[in-house]
1. What are the residues in the range 200-231 that are in contact with a strand residue (DSSP E or B) (Cβ under 7 Å, 6 or more places away or on another chain) and over 18 Å from residue 181 (Cβ atoms), if any?
2. Say we look at the range 7-24 and pick out the residues that are touching a helix residue (DSSP H, G or I) at 6+ places or on another chain (Cβ under 6 Å) and more than 16 Å from residue 63 (Cβ to Cβ); which of these is surrounded by the most Cβ atoms within 10 Å (Cβ to Cβ)?
3. Are there strands (runs of 3 or more DSSP E) fully within the range 201-297 with at least 3 residues that are farther than 30 Å from residue 22 by Cβ? List them.
4. Sort through 53, 85 and tell me the only one that's surrounded by 23 or more Cβ atoms within 10 Å (Cβ to Cβ), assigned to a helix (DSSP H, G or I) and out of contact with any helix residue (DSSP H, G or I) (no Cβ under 8 Å at 6 or more places or on another chain).
5. So residue 137 passes all but one of these: (1) in contact with a helix residue (DSSP H, G or I) (Cβ under 6 Å, 6 or more places away or on another chain); (2) in a loop (DSSP other than H, G, I, E, B); (3) touching a residue at least 60 places away in the same chain (Cβ under 8 Å). Which condition number does it fail?
6. In this structure, is residue 253 in contact with a strand residue (DSSP E or B) (Cβ under 6 Å, 6 or more places away or on another chain), surrounded by fewer than 23 Cβ atoms within 10 Å (Cβ to Cβ) and more than 22 Å from residue 85 (Cα to Cα)?
7. I'd like to verify a number: residues in the range 158-181 that are in a loop (DSSP other than H, G, I, E, B) and either crowded, with 16+ Cβ neighbours inside 10 Å or under 17 Å from the mean Cα position of the chain (by Cα) (or both), how many?
8. If you go through the range 262-283 one residue at a time, do you hit one that is touching a helix residue (DSSP H, G or I) at 6+ places or on another chain (Cβ under 8 Å), farther than 19 Å from residue 158 by Cβ and crowded, with 23+ Cβ neighbours inside 10 Å?
């Protein structure tokens, strides 16, 4: 795929997905829900105080008959009720509304009724970048601060799982560092080399992977050829696995603010896709995030 709009066509080709919005009176979130309703790809259940939700529905112009509301008394109850619905298989997607992120994530990770799996949670962001020839996924820009090599295996596999429905062939995964050579004593470089070997042995799924690779080599075949790098991934990556949160976050925001990229972002590693957008994200990003979740649920 080259454009995020292609995700909408893919989402439309499947059954409508039931999306659970925890504390569902948030106006910016409801504006994205309204757009997704008009595309006919979701069936929303809004969890929270009914009076607040109905007030917000009136403000956004969403018809009441298109929404199911589950009344709760506080954010903690909203999180438990909403996430339990998804955990029991009665919902396909869970989305954060006007609830503190910590409260929301604690509920996701609850051992009794949450959405835990054998993996860790990680952030995946799918970008449409004007200067790149196809969609590109960046991970992890928001969840794991300084992951070790074991955590990076989970981060990589989470990303691969969310790209299976996006790419037609094996996802090409690049492990980002500052240099294409393995540098003993530089943890990111050593981790990238280990992960590449694991990938070659089939331990990270059905993928093609390479690293360590610097950013220019990942996105430009010319740069890689100039340095004498021979790689199936160079210049054609589908996924970039960042070494830690700072590089991931800077790359995410640089693509958004400097490169004019469009994005869709989710939390991966749970039983179902988790839409957890920032208040700074525009309406388009929120909509594409819902669509990205629908394609992967």
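The values are calculated or read from the model by the stated rules, or taken from the named source; none is laboratory data. What you see is a predicted model; the values in this text were computed from it and never measured. Quick reminder, even Gly has a Cβ in these numbers, built from the backbone with ideal geometry, and neighbours come from all protein chains shown.
1. Pass one, the range 200-231, residues in contact with a strand residue (DSSP E or B) (Cβ under 7 Å, 6 or more places away or on another chain): 207-213, 215, 218, 231.
Of everything in the range 200-231, those that are in contact with a strand residue (DSSP E or B) (Cβ under 7 Å, 6 or more places away or on another chain) and over 18 Å from residue 181 (Cβ atoms) turn out to be 207, 208.
2. If we filter the range 7-24 for residues that are touching a helix residue (DSSP H, G or I) at 6+ places or on another chain (Cβ under 6 Å), which is where we start, we get 7-8, 10-11, 17, 20, 22-24.
Adding the requirement that they be more than 16 Å from residue 63 (Cβ to Cβ) leaves 7-8, 10-11, 17, 20, 22-23.
On the way: 7: 25, 8: 19, 10: 16, 11: 24, 17: 23, 20: 27, 22: 30, 23: 26.
Ranking the candidates gives 22 first.
3. Details: elements: 208-213, 239-241, 262-268.
Where strands (runs of 3 or more DSSP E) fall fully within the range 201-297 and carry at least 3 residues being farther than 30 Å from residue 22 by Cβ, they are 208-213.
4. Working: 85 fails: surrounded by 23 or more Cβ atoms within 10 Å (Cβ to Cβ).
The unique qualifying residue is 53.
5. (2)
6. On the way: in contact with a strand residue (DSSP E or B) (Cβ under 6 Å, 6 or more places away or on another chain): no; surrounded by fewer than 23 Cβ atoms within 10 Å (Cβ to Cβ): yes; more than 22 Å from residue 85 (Cα to Cα): yes.
Spelling it out, it is not the case that residue 253 is in contact with a strand residue (DSSP E or B) (Cβ under 6 Å, 6 or more places away or on another chain), surrounded by fewer than 23 Cβ atoms within 10 Å (Cβ to Cβ) and more than 22 Å from residue 85 (Cα to Cα).
7. So in the range 158-181, the residues in a loop (DSSP other than H, G, I, E, B) come out as 164-171, 177-181.
Checking which are either crowded, with 16+ Cβ neighbours inside 10 Å or under 17 Å from the mean Cα position of the chain (by Cα) (or both) leaves us with 164-167, 170-171, 177, 180.
Of the residues in that region, 8 qualify.
8. no
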